[in-house]
Amino acid sequence: MIFIWSIFTGETATSIVEKIKNGNKELKEKFIEDYIPFIIKVISSFYSSSIVDIKNSDEYSIGLMAFDEAIEKYDSNKNKSFLGFAKLVIKRRIIDYFRNISSVRKKEIPFSSFNSIVTSEFEDESNIIDYDIGSGRYEVISELEDFSRQLKSYGLSIKNLPEYMPKHKDSKQMCISIAKKIIENKNIYNILKTKKYFKMKELSKIIDVHPKTIERNRRFIICLCIIYDNNYSNFKAYLSQIS
């Protein structure tokens with residue numbers, strides 16, 4: 001659940017790699033596991049159609065080793081984003097692999113495409129932001145896309161979640177309790193969905209919290225309402241840890 005945690009805390013893949021390089025080796029295995037879909041996506045970019053069983057392919061093994069290599073060699077002073085650097089390393093290792101077996105598998109990727117990959121794509125990879133939609137688990141990606149779309153309708157952004165989230169655990173728990181009560185009250189929640197605001201007078205009838213406190217946490221409460229009203233199992237699993 002590293003990827004979900006990073007969304008709520010603002011911790012990026014780059015900052016996680018820094019922790020690993022600073023001695024937190026236990027985090028490494030879980031980090032690689034969470035970013036397997038990212039590795040597969042990079043490998044798949046070499047093909048016009050997806051490999052049927054990519055996890056049993058040589059390319060997959062090479063991609064995993066390249067991702068591990070990227071973790072070990074990443075230098076934040078030279079590269080802005082770990083994901084951009086990792087993508088670069090994976091693609092280079094895959095290209096090396098294709099070159100070594102070119103006589104057998106030329107038809108899978110024409111060498112004419114190597115130049116365009118190296119000259120155009122590789123030059124910009126180090127600037128990729130850490131909230132790459134290809135990272136994380138596939139089920140998480142689906143949740144993120146829908147959650148992000150719904151947040152935009154309220155004028156909110158998924159990248160600002162850490163800013164919306166209160167720092168203290170008791171405040172987080174209070175917001176979770178408020179959100180659940182709002183969801184349970186169809187009238188109040190329907191107004192929120194259609195008008196994009198709370199009716200404080202109605203809300204005060206079911207919640208014993210000062211209006212100023214609600215307004216201060218309004219954006220996070222809206223985020224929670226969206227999560228609890230949808231089938232976001234990964235987000236809900238994270239929230240259950242702090243409720």
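Quick notes on this one:
- Karplus (6.51, -1.76, 1.60) ³J(HN,Hα), θ = phi - 60°, over segment 199-207, in Hz, Gly and Pro reported as x: 8, 4, 4, 6, 5, 5, 6, 10, 10
- Dipole magnitude of segment 138-240 about its Cα centre (Cβ charges: Lys, Arg +1; Asp, Glu -1), debye to nearest 20: 460 debye
- Unsatisfied cross-links (Cα-Cα over 19 Å) in the set Lys28/Lys91; Lys212/Lys236; Lys152/Lys196: Lys28/Lys91; Lys212/Lys236
- For segment 138-240, the Cα-based Rg and Dmax, in that order, read 13.1, 41 Å.
- Annotation: peptides 217-226, 57-66, ranked by per-residue average of other Cβ atoms within 10 Å with the highest first, follow the order 217-226, 57-66.
- Placed amide H near Phe46: partners under 5 Å, 5+ positions off or other chain: none
- Considering only His210, Tyr189, Asn234, the residue lying farthest towards the positive end of the dipole of segment 138-240 is His210, judged by Cα position with unit charges set on Cβ.
Read-outs: derived from the displayed coordinates by stated rules, not from any lab. Model, not experiment: these values are computed from the prediction. Methodologically, a virtual Cβ is constructed for each residue, glycine included, from the backbone with ideal geometry; neighbour enumeration extends over all protein chains shown.
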